[in-house]
Amino acid sequence: MDLNNNRLFQTKNYIDGQWCESAGKLAVTDPATGALLAEIADGGAEDAERAVAAAHAAFPAWSGKTAAERAAVLKRWYRLIADNREDLARLLTLEQGKPLAEALGEIDYGASYIEWYAEECRRAYGQTIPTHNPAMRLHTIRQPVGVVTCITPWNFPNAMITRKAAPALAAGCTVVIKPAAETPLSALALCALAEEAGLPAGTLNVVAGSDSAAIGRVLTQDARVAKFTFTGSTQVGKLLMAQCAGTVKKMSMELGGNAPFIVFDDADIDVAVTACMATKMRNAGQTCVSTNRIYVHESVHDEFVDKLRAQMQALRPGHGLEQGTTLGPLIFRRAVDRVHGMVEEAVANGARLLLGGDFLPNGENYYAPTLLTEVRDDMRIAREEIFGPLAVVLKFREEGDVIRRANDTPFGLAAYVMSENIRRANRVVEALEYGMVACNAGVFSTTVAPFGGIKESGIGREGGVEGMAEFYETKYCCYGI
Ligand code: SIN
């Protein structure tokens, strides 16, 4: 692997401050070419148990440090990530596929969680409560929940780790992470830098492995684990929630979406198209907040579609490390086949194919930017999360009707509203049943704001002060005097 800092290329799991070998090997490949990047230790349930034990043993010392002491370590970690951003981005592009510019953006985004929570942990204030009884004094204190286990996805192999681990560590928790089997190298590289930053042994552990179910069972069922946090599909999230129930763990779940993107007749169409491209084509459409259903008012439909098609045609598929690439591959072939199947089914049911609709010669995981119009709400393509470079346009006439249609889904993660009318924008933003709504913007994710969904899109928030609160217990303390 061609990196400036070879210490970032780690092929063993990181448990209790040690790089640990396993009997089996897990192959990590470049989704753009299929080339073998690494064979890493294929961790399993036993490794996960050792990691939980290590995190449990490390908890008293780490949680016993002052916030300033924890912040100092986290800030060193942040600075090391910033110093190694090019290498980390290169590694990320190689194992995940996104264009290098996007990977660099993810490294900066991921690092920003570490910097922000290093600062935020110094403000973990409790309260003094006006007493109900003159002979008593009432306070609250905030204490770290304990051992936190995390399962993180392949679509953001760096930032989804730091978004969970940074607030947990800052709060005084210790952490075990199972990264996606497709993208463990970014997770292990983060560990190498955490070790260099002086994070004590056992405080942060990574167990990568192909047997997700076995590792997942330990992370969700071990009684020493206080909190479990997951980013991934709703289907898997439900299973993991059930597994957590046996020991009544605290949980945060960042699950699937079916984001509506509503373009009103009073929208600035150029702004709307730019926002749509950003939400739809970022990471080749493989983000949980990617637009899924684009509702366009019938009076601006043709103008919007023409402009969207022109921008989609201008995308340059290629290897993420090649200069000028703006569209990488999907993560694996089954994702490509799934998207293609949805397109074929929609077209067979009356949707109109305006662009793409086919595989690309770049490699077996590439799918053409695809634009479908005349889509109906009852089509699978409008009901299921797409996770590909596929834009699906539906028409509407009435504001009330489009709100009803946008809300008619079990999901409630992100929604987008395009309108220059401030009254309408306020009205619609409030009426949409989603955890996050962006108005006249296509990318809204940031460290400083709460990210998360309602309904079947999840529980809890990541980022902002809300993201930190997830890792504390509030203890009520009553003193008789
Ligand atoms: C995700 O797709 O899970 C996260 C996307 C983001 O942070 O914007």
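If you plug the beta carbon distance of Arg352 and Met1 into 1/(1 + (r/R0)^6) with R0 = 30 Å, you get a FRET efficiency near 0.10. Volume of the convex hull of the stretch 259-446 (Cα atoms only), normalised per residue: 111 Å³.
Restricting the stretch 342-408 to trypsin sites (Lys or Arg not before Pro) that sit in a DSSP loop and have at most 15 other Cβ atoms within 10 Å of their own Cβ leaves Arg376, Arg397. Over the stretch 94-145, the ratio between the Cα radius of gyration and 2.2 N^0.38 Å evaluates to 2.13.
Of all DSSP-defined beta bridges confined to the chain, some 45% are antiparallel rather than parallel.
In the chain, a dipole from Cβ-located charges (positive for Lys and Arg, negative for Asp and Glu) runs towards its positive end, and of Phe156, Thr29, Pro389 it is Phe156 whose Cα lies farthest in that direction. Stretching Glu322 away from Thr274 to a fully extended chain increases their span by 14.9 nm, per 0.36 nm per residue minus the current alpha-carbon distance.
Which values of log₁₀ I(q)/I(0), to two decimal places, follow from the Debye formula for the stretch 1-97 at q = 0.14, 0.21 Å⁻¹ with a uniform point scatterer at every Cα? Log-scaled intensity ratios, in q order: -0.74, -1.16. Only Cα pairs under 8 Å and 6+ residues apart enter the sum, and on that basis the relative contact order of the chain stands at 18 percent.
The listed peptides 290-297, 207-214, ordered by packing as a protection proxy, come out as 290-297, 207-214 (highest mean of other Cβ atoms within 10 Å first). Projecting the Cα atoms of Ile114, Gly442, Ala180 onto the dipole axis of the chain, where Lys and Arg carry +1 and Asp and Glu carry -1 at the beta carbon, places Ile114 farthest toward the positive end. Note that the stretch 448-461 has calculated 3J(HN,Hα) couplings of 8, 10, x, 9, x, x, 10, 6, 7, 8, x, 9, x, 9 Hz, one per residue in order, obtained from phi through the Karplus relation 6.51 cos²θ - 1.76 cosθ + 1.60 (θ = phi - 60°); glycine and proline are x.
Solvent-accessible surface of the chain, taken per residue with a 1.4 Å probe and all protein chains present: 38 Å².
The charge dipole of the chain, taken about the Cα centre with unit charges on the Cβ atoms of Lys, Arg (+1) and Asp, Glu (-1), comes to about 1440 debye, rounded to the nearest 20.
Of all accessible surface on the chain at a 1.4 Å probe, what whole percent is carbon and sulfur? Result for the chain: 51 percent of the exposed heavy-atom area is carbon or sulfur. Averaging 1/r across all pairs of distinct Cα atoms in the stretch 40-144 and inverting the result yields a Kirkwood radius of 17.4 Å. Compared with the direct C-alpha span, the chain from Asp211 to Ala449 gains 82.3 nm at full extension, assuming 0.36 nm per residue.
The calculated Kirkwood hydrodynamic radius for the chain is 23.2 Å, given to one decimal from all distinct C-alpha pairs. Rounded to two decimal places and with Rh computed the Kirkwood way over Cα pairs, what is Rg over Rh for the stretch 224-273? Result for the stretch 224-273 is an Rg/Rh of 1.34. Relative to the current alpha-carbon distance between Asp378 and Ile481, full extension at 0.36 nm per residue lengthens the span by 30.6 nm.
Restricting the stretch 354-423 to GluC sites (Glu not before Pro) that sit in a DSSP loop and have at most 11 other Cβ atoms within 10 Å of their own Cβ leaves Glu398. Place a point 7 Å from the Cα of Ala201 along the Cα-to-Cβ direction; which residues of the stretch 48-86 have their backbone N under 16 Å from it? Once the point is set 7 Å along Cα→Cβ of Ala201, 50-62 turn out to lie under 16 Å by backbone N, inside the stretch 48-86.
The values are calculated or read from the model by the stated rules, or taken from the named source; none is laboratory data. Everything numeric in this text was worked out from a predicted model, so none of it was measured. Reconstructed Cβ throughout: ideal geometry from the backbone, glycine too, with neighbour counts over all protein chains shown. In case anyone asks, the SASA skips ligands and DNA or RNA and just uses the protein heavy atoms, side chains included. Shrake-Rupley method; radii C 1.70, N 1.55, O 1.52, S 1.80 Å.
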